[in-house]
Amino acid sequence: MSLIVQKFGGSSVADAASVKRVARRIVDTKAAGHDVVVVVSAMGDTTDELLDLAEQVSPNPPGRELDMLLTAGERISMAVLAMAIHDLGGQARSYTGSQAGLITDSAHGAARIIDVTPSRITEALSEGAIPIVAGFQGVAQDTKDITTLGRGGSDTTAVALAVALGADVCEIYTDVDGVFTADPRVVPKASQVRYITYEEMLELAAVGAKVLHLRCVEYARRFDLPIHVRSSFSDREGTLVISEAAIAARRTSEGTTMEQPIISGVAADLNDAKVTVVGVPDRPGEAAAIFGALASAGINIDMIVQNVSAANTGRTDVTFTCPQGSTAKATAALESVQSTVGFESLLVDAEIAKVSLVGAGMRSNPGVSATFFSALAAAGVNVEMISTSEIRISIVTRTSSAHDAVRAVHTAFGLDADGEAVVYGGTGR
Ligand code: ADP
Ligand code: ASP
Ligand code: MG
């Protein structure tokens, strides 16, 4: 008998029929002799709908109230799922994040889990019940207010609970069969990956592959907890996110000596914006002042480019990318230091996308950049910025070119599968 944490995403519980289907799956796992803890997301696009509602009421709602509103989505799904399990003769009990012991800091909308004290969950398990926990939420240790972990955060709830409970595996059920070499909604010929290391999955999640929440992968890596990403709509084996050593062990026991693939995937992120600080005096300390102001405002900066300064003016432009949602804060922070920095103006461009190629094999394989840029050129994709890490190359281009770029790069690296990937549900929102 093992302890399994099963997390069901919004598209897996989009309506009453789906809730019943998921309930059946949970009851079957329990009947097979396992202890099961369930984490559930809000039904369908509920979270987006609640956000739309908030926006109609107030352009800038207090974080505390927005979190209170958003956590209502998961409360609905946990209660109806518990009802559906009861109908099948199972014993289920629903718990909010706070009741389940998910203790966070007080950063509304992006809270971090600082402790997990799941005594009510272990109690329910010892009484033979199936605990159903509302994903993506917790309670702040200091203020005792309800918090959310950020979009997609139910994955992180599931992994954190799995670690705290000593579960054998955390199963993430979604609307595709696992992790693919690209988003199957963008690249129908994307190939499913059987195993992927925590490191590669981290890079993919960081550059826009939203199939797993970034922090859930960080958490799983820290505690070496296996994640199994799979579809709630089929019984197919999904993708295991595990350590490199665990992959090597599996390959040996299967008798496959296949080397790790060079490329693990291609992803696009359409949620960033590009900010240009125009006419920065070319002298020491300017970049420190600009990025110091942005850091104090809590802005997450990704790519940075500084142009060569024009000889006749002695001024240069500094361009960086940050989340679209942070541009108002970023420009306010920069304007507050405009007189000391002495730059001329600011330009904000939200119509950009970041396209990235990820793969651990890039380290030891020359020619990856050449293939990447030739594929983009052949597809007529204009490159505006470039950044690289040991196992990733990213470019910034127009939003309108992003998907063409992903498809072109995917084909150029020979990642296209023979058949088409199945997308079972969801609206991709
Ligand atoms: P859930 O509601 O189950 O949490 P999400 O919408 O958060 O589901 O994540 C699943 C979606 O992630 C898929 O429907 C797919 O469109 C998208 N996705 C993006 N990149 C990838 C990838 N590399 N592999 C699989 N799915 C991906
Ligand atoms: N319901 C939340 C969201 O849509 C959390 C999640 O689905 O993981 O972002
Ligand atoms: Mg998700």
Checklist entry - Restricting attention to the stretch 216-228, and to residues there that are among the hydrophobic types (A, V, I, L, M, F, W, C) and not in a helix (DSSP H, G or I), which single residue is nearest to ligand 3 (Cβ to nearest atom)? => result Ile227
Checklist entry - For the stretch 413-428, does any single residue satisfy the condition of being farther than 30 Å from Asp235 by Cα and within 25 Å of the chain's Cα centre (by Cα)? => result no
Next on the checklist: Name the residue that is surrounded by the fewest Cβ atoms within 10 Å (Cβ to Cβ), counting only residues in the stretch 338-360 that are at pLDDT below 95 and over 17 Å from Thr319 (Cβ atoms).
Outcome noted: Ser339
Next on the checklist: List the residue pairs whose Cβ atoms are under 8 Å apart, where the first residue sits in the stretch 47-63 and is free of Cβ contacts under 8 Å to residues at least 24 places away in the same chain and assigned to a helix (DSSP H, G or I), the second is of a type outside the set (A, V, I, L, M) and within 16 Å of ligand 2 (Cβ to nearest atom), and the two are 6 or more positions apart or on different chains.
Outcome noted: Leu50/Gly73
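Every residue, every condition in (1) farther than 21 Å from Leu161 by Cβ; (2) open to solvent by 40 Å² or more (accessible area, probe 1.4 Å); (3) without any contact (Cβ under 8 Å) to a residue 60 or more places away in the chain; (4) more than 16 Å from ligand 2 (Cβ to nearest atom), yes or no:
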| site | (1), (2), (3), (4) |
| --- | --- |
| Asp183 | yes, yes, no, yes |
| Glu203 | yes, yes, no, yes |
| Val207 | yes, no, no, yes |
| Glu218 | no, yes, yes, no |
| Leu225 | no, no, no, yes |
Checklist outcome for this item: Checked the stretch 153-199 for anything under 22 Å from Arg251 (Cα atoms) and within 11 Å of ligand 1 (Cβ to nearest atom); matches are Asp177, Gly178, Val179, Phe180, Thr181, Ser191, Gln192, Val193, Ile196
Checklist entry - Does at least one position in the stretch 134-157 carry a residue that is away from ligand 2 (no atom under 16 Å from the Cβ), open to solvent by less than 20 Å² (accessible area, probe 1.4 Å) and closer than 24 Å to Ile227 by Cβ? => result no
Item to check | Within the stretch 74-106, considering residues that are touching a Gly at 6+ places or on another chain (Cβ under 7 Å) and assigned to a loop (DSSP other than H, G, I, E, B), the one surrounded by the fewest Cβ atoms within 10 Å (Cβ to Cβ) | outcome: Gln91
Next on the checklist: Going residue by residue through the stretch 23-39, is there one that turns out to be away from ligand 3 (no atom under 16 Å from the Cβ), outside any helix (DSSP H, G or I), open to solvent by less than 20 Å² (accessible area, probe 1.4 Å) and not charged (D, E, K, R)?
Outcome noted: yes
Checklist entry - Do we have Gly109 as open to solvent by 30 Å² or more (accessible area, probe 1.4 Å), within 16 Å of ligand 2 (Cβ to nearest atom), in contact with a helix residue (DSSP H, G or I) (Cβ under 7 Å, 6 or more places away or on another chain) and not aliphatic (A, V, I, L, M) here? => result yes
Item to check | Those residues of the stretch 298-316 which are under 29 Å from Ala206 (Cα atoms) and open to solvent by less than 80 Å² (accessible area, probe 1.4 Å), in sequence order | outcome: Gly298, Ile299, Ile301, Asp302, Met303, Val305, Asn307
Checklist entry - Taking the stretch 109-131 on its own, how many of its residues are touching a residue at least 60 places away in the same chain (Cβ under 8 Å) and within 21 Å of Ser2 (Cβ to Cβ)? => result 4
Item to check | Exclusive hit being open to solvent by less than 50 Å² (accessible area, probe 1.4 Å) and in contact (Cβ under 8 Å) with a residue 24 or more places away in the chain, set Arg363, Arg392 | outcome: Arg392
Next on the checklist: Of the residues Val217, Val163, Val179, only one is over 21 Å from Tyr424 (Cα atoms), of a type outside the set (S, T, N, Q) and within 13 Å of the chain's Cα centre (by Cα); which?
Outcome noted: Val217
Checklist outcome for this item: Filtering the stretch 1-17 down to residues that are surrounded by 23 or more Cβ atoms within 10 Å (Cβ to Cβ) and either of a type in the set (Asp, Glu) or closer than 20 Å to Gly428 by Cα (or both) yields Lys7, Phe8, Gly9, Gly10, Ser11, Ser12, Val13
Item to check | Out of Val5, Val13, Val40, Val19, sole residue that is more than 23 Å from Glu123 (Cα to Cα), under 21 Å from the mean Cα position of the chain (by Cα) and β-branched (Val, Ile, Thr) | outcome: Val13
Checklist entry - When you scan the stretch 235-279, how many residues do you find that are surrounded by fewer than 12 Cβ atoms within 10 Å (Cβ to Cβ) and farther than 20 Å from Met362 by Cβ? => result 9
Checklist entry - Are there any pairs with C-beta distances below 7 angstrom linking a residue in the stretch 398-417 that is within 24 Å of Pro366 (Cβ to Cβ) to a residue that is acidic (Asp, Glu) and modelled with pLDDT of 95 or more, with the two at least 6 apart or on different chains, and if so which? => result His410/Asp416
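The values are calculated or read from the model by the stated rules, or taken from the named source; none is laboratory data. Keep in mind it's a predicted model, so treat the numbers as computed, not measured. Methodologically, a virtual Cβ is constructed for each residue, glycine included, from the backbone with ideal geometry; neighbour enumeration extends over all protein chains shown. These area figures cover heavy atoms from the full protein model, side chains too; ligands, DNA and RNA do not enter into them. Shrake-Rupley method; radii C 1.70, N 1.55, O 1.52, S 1.80 Å.
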